[in-house]
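Visitor: Handing you a structure now.
All of the numbers you see were taken from the coordinates with simple rules; none came from a lab. Please read all numbers here as calculations on a predicted model, not as lab measurements. Glycine gets a Cβ as well: all are built from the backbone with ideal geometry, and neighbour counts include every protein chain shown.
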Amino acid sequence: MLLVAVSMAAAACASSAPPGKITPGAPHVTGTVTSPQSVALPPDAVLHVKLLNIFMQGGPATTVAEQIIPNPGKMPIRFDIAYDPALIEPQNFYAVQARITVGDEIRWMNDASHAVITHGNPREVEIVLRPAN
């Protein structure tokens with residue numbers, strides 16, 4: 001399994017990608033973010049979900065699109081990331097990463113890779129988050 005570790009960047013509340021690239025009817029990666037135990041998140045929590053282009057195992061990953069959901073409430077949380085299909089290279093690998101931050105601190109994160117889109121992988125995934133500590 002590929003493990004993905006990338007720093008998070010600030011963005012708008014909705015799915016985002018390079019400006020002007022997402023058109024109506026664009027494909028989506030969807031899914032659910034959950035945890036092993038029921039967790040009510042504080043009001044200042046923010047869910048960051050990224051669609052990443054994984055060039056090679058252990059190499060740098062780039063963000064294809066992302067969704068940021070402020071005050072997501074209680075897990076499970078649904079996400080829906082629209083992306084520009086022109087940014088998808090069939091030979092590359094793509095994965096979804098999720099993190100929950102409170103202030104500048106990462107509180108929850110996925111510890112396993114969730115492959116999507118290419119190489120027969122799905123466009124819908126369930127991501128189980130673990131405490132970051």
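Visitor: Once the dipole of region 47-133 is set up with Lys and Arg at +1 and Asp and Glu at -1 on Cβ about the Cα centre, which of 95, 52, 110 lies farthest towards its positive end?
Guide: 110
Visitor: Also, I was wondering about something else. Count the net charge of all other residues whose Cβ sits under 12 Å from the Cβ of residue 110, scoring Lys and Arg as +1 and Asp and Glu as -1.
Guide: Counting the neighbours of residue 110, the net charge comes to +1.
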